[in-house]
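*Asks:* The structure is given below, and queries will be raised subsequently.
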Amino acid sequence: MSVSFPLWFLERLRRAHHVVALTGAGISAESGVPTFREAQTGLWARYDPTELATPEAFLRDPALVWRWYAWRRGLIAQASPNPGHRALAGFEDVFPKVTVLTQNVDGLHTQAGSTRVVELHGNIHRNLCFREGAPVPPGAERPGEPPTCPRCGDYVRPGVVWFGEMLPTAVLQAAHQAAAECEVFFSIGTSSVVEPAASLPLFARDKGALVVEINPAATPLTPHADLSLRGPAGHILPALLAALTTP
Ligand code: OAD
């Protein structure tokens, strides 16, 4: 599939010193990690992921939520970065500063070589004590149910931010700082419905950034974006990197 970009956009992008990319589950879809709001298949088809990713769901049925995360961890362990992740990492050879603000918990941006990654919703490879929020190193895990914290005995939970929970202050500050500073802000593979991430492109636009969306489908951000590039991130980002690097 050939992709073409408006000249005015390429010219403005080439002049950027700081480029920010806010990413969501869509950028990892081509690595085989299911998104949240598209139909699930197989074992978990009858569960709504947005109803499993909450403290209430964990309190109600810790084993169910733990098993769902164990399944996602298994998928992520087999996944590798796709051309979209790699092209974004390649932006670091083109621009003086690139910041990735990701809602994904899969670590694939770092694996692809991106060096400035802000994990807005945490990282699935980490565990936390449910009661104290302190990190718990991986230990002996009982199949199918959450391990317990060696200090307080409460359940261990995945180190991700759930619905109804606040993002860590330092993480949110870093995201706002990057959004305020950048000249071009990409929103890639996100349905743009979960706050506070959904407001970051609007904040960046208010501070003067050009806002560019990459997504095969329209989202609530689309009418506010300066440019919408419709298609999979794994096609559009490598094409964009090629357009920037070929004379
Ligand atoms: P969603 O599942 O809500 O949205 C995925 C988006 O990716 C959709 O807009 C798709 O159109 C788009 N998409 C699908 N395939 C794509 C591709 N190949 N290239 C580009 N885009 C593609 O995922 P998020 O927006 O990331 O939060 O969801 C935000 C948050 O809600 C998640 O971080 C998670 C979730 O519940 C928590 O768990 C707190």
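*Asks:* If each residue's Cβ is checked for other Cβ atoms within 10 Å, how do Leu227, Leu52, Leu7 rank with the fewest at the top? Could the numbers behind the result be given before it?
*Replies:* On the way: Leu227 17, Leu52 20, Leu7 8.
Ranked by crowding around the Cβ, least crowded first: Leu7, Leu227, Leu52.
*Asks:* Now for a separate question. Taking amide H atoms as placed 1.01 Å from N in the peptide plane, list the residues 5 or more away in sequence, or in a different chain, whose amide H sits under 5 Å from that of Thr99.
*Replies:* Val19, Val20, Ala21
*Asks:* Where the centroid of each part is defined by its Cα atoms, how far is segment 23-86 from segment 147-179 in Å?
*Replies:* Distance between centres, Cα-based: 17 Å.
*Asks:* Set the Förster distance to 51 Å, then compute FRET efficiency between Asp154 and Leu7 from the Cβ-Cβ distance, nearest 0.05.
*Replies:* Working: r = 58 Å, r/R0 = 1.13.
Efficiency computed from Cβ-Cβ geometry: 0.30.
*Asks:* How high is the relative contact order of segment 70-180, given as a whole-number percent (alpha carbon pairs under 8 Å, six or more residues apart)? Intermediate values should be presented prior to the final figure.
*Replies:* Working: 142 pairs, mean separation 23.9, N = 111.
So the answer I get is 22 percent.
*Asks:* Within the set of other residues whose C-beta is less than 15 Å from the C-beta of Pro49, count the net charge using Lys and Arg as +1 and Asp and Glu as -1. Can you show the working numbers first?
*Replies:* Numbers: positive: Arg37, Arg46, Arg67, Arg72, Arg73; negative: Glu38, Asp48, Glu51, Glu56, Asp61, Asp106.
Surrounding charge for Pro49 is -1.
*Asks:* Okay, next question. Would you order Trp8, Trp162 from fewest to most other beta-carbon atoms within 10 Å of each residue's own beta-carbon? Please list the in-between numbers first.
*Replies:* Values: Trp8 11, Trp162 18.
So the residues, fewest neighbours to most, are Trp8, Trp162.
*Asks:* Grab the DSSP H runs of the chain that are 4 residues or longer, score each as -39,500 (n - 2.57), total them, divide by all residues and round the 222 nm result to the nearest 500 deg cm²/dmol. Write down the numbers at each step before the final one.
*Replies:* Details: 10 runs with 86 residues, N = 247.
Helix contribution divided over all residues of the chain: -9500 deg cm²/dmol.
*Asks:* Over the chain, what is the relative contact order in whole percent, taking alpha-carbon pairs under 8 Å and six or more residues apart? Mind showing how you got there, number by number?
*Replies:* Details: 428 pairs, mean separation 59.7, N = 247.
Reported relative contact order: 24 percent.
*Asks:* Of Thr35, Thr245, Thr99, how do they rank once you tally other Cβ atoms within 10 Å and put the fewest first? Each step should come with its number before you reach the end.
*Replies:* On the way: Thr35 18, Thr245 11, Thr99 22.
Taking fewest neighbouring Cβ atoms as first place, the list is Thr245, Thr35, Thr99.
*Asks:* Normalised by the residues of segment 127-247, what does the relative contact order come to in percent, with Cα pairs under 8 Å and at least six apart? Intermediate results must be reported in sequence, preceding the final value.
*Replies:* Working: 147 pairs, mean separation 19.5, N = 121.
Over segment 127-247, the number comes to 16 percent.
*Asks:* Could you work out the longest stretch of the chain that avoids the trypsin sites (Lys or Arg not before Pro) located in DSSP loops with at most 16 other Cβ atoms within 10 Å?
*Replies:* Working: sites that count: Arg15, Arg37, Arg46, Arg116, Arg131, Arg151, Lys207, Arg230.
The longest such stretch corresponds to 47-115.
*Asks:* Multiply the residue gap between Thr246 and His17 by 0.36 nm, knock off their C-alpha separation, and tell me the result in nm, one decimal place.
*Replies:* Details: separation 229, 0.36 × 229 = 82.44 nm, distance 1.88 nm.
Between Thr246 and His17, full extension yields 80.6 nm more.
*Asks:* If you add up the charges near Ile27, with Lys and Arg at +1 and Asp and Glu at -1, over every other residue whose beta carbon is less than 12 angstrom from its beta carbon, what do you get? Present the calculation step by step, with values, prior to reporting the outcome.
*Replies:* Numbers: positive: Arg86; negative: Glu30, Asp106.
Surrounding charge for Ile27 is -1.
*Asks:* Compute the length gained on full extension between Ser199 and Ala170: take 0.36 nm times their separation in residues and subtract their Cα-Cα distance, giving the result in nm to one decimal.
*Replies:* Extending this stretch completely gives an extra 8.7 nm.
Readers should treat all values here as calculations from the given coordinates under stated rules, not as data from a laboratory. As the structure is a prediction and not an experimental result, all values here were calculated from the model. Please note: Cβ atoms are built from the backbone with ideal geometry, for glycine as well, and neighbour counts cover all protein chains shown.
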